[in-house]
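Asks: Sharing a structure, written as structure tokens. Questions coming.
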Amino acid sequence: MGAKGCVNVLLKLLVFQGLFVSRPQEDFDFFYFVLQWPGAYCDTSRACCYPTSGKPAADFGIHGLWPNYNGGSWPSNCDPDSQFDRSQISDLVSSLKKNWPTLSCPSNEGFNFWEHEWEKHGTCSESVMDQHEYFENALKLKQKANLLQILKNSGINPDDGFYNLDKITNAIKDGIGFTPGIECNKDPERNAQLHQIYICVDTSGTEFIECPVLPRGSCPSQIQFSKF
């Protein structure tokens with residue numbers, strides 16, 4: 001077999017093994033807009049620290065805006081040359097501190113969190129938005145969703161009570177028009193609690209859509225909505 005034939009065989013093997021991706025890395029099919037409940041983040045065995053600006057409001061905070069593929073995989077760290085530049089989001093910082101707060105330790109302003117989200121996820125969406133637009137779009141999506149009010153309107157409150165998973169899902173679906181993904185974690189007593197909500201967004205990063213694929217949930221039928 002000649003050199004060309006060997007290369008073709010190798011490529012076929014890589015494709016078969018799922019190791020060769022022919023599509024451009026910055027090409028993606030939709031976004032997951034992920035919001036997390038701070039009470040669930042903090043009510044675990046993992047350490048939780050409030051940001052230097054103080055305890056965040058008892059509201060869902062942005063975790064990120066993540067490009068995804070319809071098949072369930074996702075790109076990441078697409079452009080090492082596109083480093084986070086805080087000067088590009090200087091007009092958004094006060095809003096980011098309120099709506100995209102950090103809870104990691106040690107206590108900090110939040111820039112490390114935002115830098116991580118931009119470099120891991122945001123750089124994979126540069127074909128449709130720059131750094132400022134990435135954070136601005138996420139802030140607008142949070143305002144558009146208003147998840148806490150949607151849940152409260154259905155009698156679902158962060159009071160350490162247990163609520164039916166389907167009721168939570170349906171309340172959000174009725175509120176935004178699309179089915180969300182729900183992710184749970186566990187408190188020190190091993191109770192499953194509402195942790196993160198995934199809402200799918202079109203490739204412009206501005207409009208909610210029905211999810212092509214939902215994240216694999218790990219929630220039982222009854223979950224706790226913890227206080228914060």
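Asks: If we keep just the residues of segment 147-159 that are touching a residue at least 24 places away in the same chain (Cβ under 8 Å) and surrounded by 15 or more Cβ atoms within 10 Å (Cβ to Cβ), which is nearest to ASP59 (Cα to Cα)?
Replies: Here the answer is LEU148.
Asks: Return yes when TRP37 is over 17 Å from TYR134 (Cβ atoms), at pLDDT 95 or above and under 19 Å from the mean Cα position of the chain (by Cα) and no when it is not.
Replies: Considered against the rule, which asks whether it is over 17 Å from TYR134 (Cβ atoms), at pLDDT 95 or above and under 19 Å from the mean Cα position of the chain (by Cα), TRP37 comes out as yes.
Asks: In segment 89-108, how many are open to solvent by 50 Å² or more (accessible area, probe 1.4 Å) and within 11 Å of CYS49 (Cα to Cα)?
Replies: Taking segment 89-108 first, the residues open to solvent by 50 Å² or more (accessible area, probe 1.4 Å) are 90-91, 94, 97-98, 105-107.
The next check asks that each one be within 11 Å of CYS49 (Cα to Cα); those that pass are 105-107.
Residues that pass the stated criteria total 3.
Asks: Output the residues belonging to segment 163-183 that are within 14 Å of SER218 (Cβ to Cβ) and either touching a residue at least 60 places away in the same chain (Cβ under 8 Å) or open to solvent by less than 10 Å² (accessible area, probe 1.4 Å) (or both).
Replies: Selection gives GLY181 alone.
Asks: Given the condition free of Cβ contacts under 8 Å to residues at least 60 places away in the same chain, out of contact with any Ser or Thr (no Cβ under 8 Å at 6 or more places or on another chain) and of a type in the set (S, T, N, Q), answer yes or no: does some residue in segment 38-46 qualify?
Replies: no
Asks: Within segment 125-148, can one find any residue that is of a type outside the set (Phe, Trp, Tyr), closer than 20 Å to TYR32 by Cβ and touching a Cys at 6+ places or on another chain (Cβ under 9 Å)?
Replies: Yes, that holds for at least one residue.
Asks: Given the residues ARG46, ARG23, ARG86, which is the only one that is open to solvent by 50 Å² or more (accessible area, probe 1.4 Å), more than 20 Å from the chain's Cα centre (by Cα) and modelled with pLDDT under 95?
Replies: That would be ARG23, the only listed residue that is open to solvent by 50 Å² or more (accessible area, probe 1.4 Å), more than 20 Å from the chain's Cα centre (by Cα) and modelled with pLDDT under 95.
Asks: Where residues in segment 187-228 are under 24 Å from GLY122 (Cβ atoms) and without any contact (Cβ under 8 Å) to a residue 12 or more places away in the chain, which of them is most open to solvent (accessible area, probe 1.4 Å)? It would help to see each step written out before you state the result.
Replies: Step one: list which residues in segment 187-228 are under 24 Å from GLY122 (Cβ atoms), which gives 195-216.
Within this subset, residues satisfying the condition of being without any contact (Cβ under 8 Å) to a residue 12 or more places away in the chain are 207, 216.
Numbers: GLU207: 91, ARG216: 229 Å².
This residue is ARG216.
Asks: Then there's this: So if I check each of LYS120, LYS55, which one is of a type in the set (D, E, K, R), loosely packed, with under 15 Cβ neighbours inside 10 Å and touching a Phe, Trp or Tyr at 6+ places or on another chain (Cβ under 9 Å)?
Replies: Selected residue: LYS55, the only one of LYS120, LYS55 that is of a type in the set (D, E, K, R), loosely packed, with under 15 Cβ neighbours inside 10 Å and touching a Phe, Trp or Tyr at 6+ places or on another chain (Cβ under 9 Å).
Asks: Return the residues of segment 169-222 that are at pLDDT 95 or above and of a type in the set (Gly, Ala, Ser); say none if nothing qualifies.
Replies: Scanning segment 169-222 gives ALA171, GLY175, GLY177, GLY181, ALA192, SER204, GLY205, SER221.
Asks: The conditions are (1) surrounded by fewer than 18 Cβ atoms within 10 Å (Cβ to Cβ); (2) under 13 Å from LEU65 (Cα atoms); (3) touching a Pro at 6+ places or on another chain (Cβ under 8 Å), and GLU126 fails exactly one of them. Which is it?
Replies: Condition (3) is where GLU126 drops out.
The values are calculated or read from the model by the stated rules, or taken from the named source; none is laboratory data. Because the structure is predicted, anything quoted here is derived from the model rather than measured. Quick reminder, even Gly has a Cβ in these numbers, built from the backbone with ideal geometry, and neighbours come from all protein chains shown. The protein model used for the area step is the full one, side chains on, heavy atoms only, and it has no ligands, DNA or RNA in it. Shrake-Rupley method; radii C 1.70, N 1.55, O 1.52, S 1.80 Å.
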